[in-house]
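Have a look at the structure below, then the notes.
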């Protein structure tokens, strides 16, 4: 083979750039190695040269499908050189890129093959570019944007990755067989290939989305469990404080009984003691713990806290879930009210009641922020974290676990959280 033949650029080499652009979509998802720019330039040059040279050597006796697979392996080596993710994560992304390229290629041929005798090479080029651009832009919005917000590839084990690789190899095999039997020039045969690509992408990234959801739910469960331990410890402290406050109140009464002539200041001390002796009594001990702590916090920060709570109606909700729901709702409300300059406007109202087969929870607090919502929850008013952040996600998670619904709203003067939960039949 001559030097010119070794480096000859063929139409089939357009696959190199098509695959590269598809893989470039996933670059923001992967973690770059040091000196990424230099690594990328050197590895891309090696990838392009090897792809051209090797395929020129073997194209005479290998079907183009296997040529494509050879180029894919070279691109995978380029990815390993540029990114420091575990190899299976890089492979996961590049398999997705390969499926996207194959999808664009088959869509291109749906429009080109029926009119191939009437379309020039230039026209074919523009059809190819248009199909590629349409598929890659759609992939960005449907797939790549799902990795926003710091989401990373989550591949514990090899289940999702194995399915992705199997799907890609199946698409390769079908296309290879069509080439072997000379059927790849029939445009109708591209339709099942398009279906294979779409199903493979749905499997790959659908399972990844499911894995994210499982991981998020596990994190929420850990978050709820930590809150539960906090309120269990707090209940013991409240009981001890109440006992000491009760003893101190009787001691003050003895002092007023004549043991000391001057009782100035005792009324103020007694008033303070009586405030700390007060505890919530809703009929639900877990809820009482949460509300008592929030009562103390509101008193300390000058927040008017009123409530009408039928705690016994929450008999079917676990201790951990009660502390998560009410702890987060009230903590967020208190945090906001602390920033309200006019202390006369600081208030929180909580109502829990039953109507028919539903338990209703209504919480509101003074709020003048113009909030923006995403996924039905308000976005941050304080920077990078969600307003009511991870807390309201855990509230929604708990509510949905019991088959309920949550609605969050703001009307310019109030921030409102409404929850309804169906009451299960009581066990005999």
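For this structure, a couple of remarks:
- Gyration tensor (alpha-carbon) shape descriptor, the stretch 279-428, a/c threshold 1.5: oblate
- Ranked list, fewest to most other Cβ atoms within 10 Å of each Cβ, for 190, 222: 222, 190
Bear in mind that the values in this text are calculations on the coordinates, not laboratory data. These numbers were taken from a predicted model, which means no experiment stands behind them. Ideal geometry is used to build each Cβ from the backbone, glycine not excepted, and the neighbour counts take in all protein chains shown.
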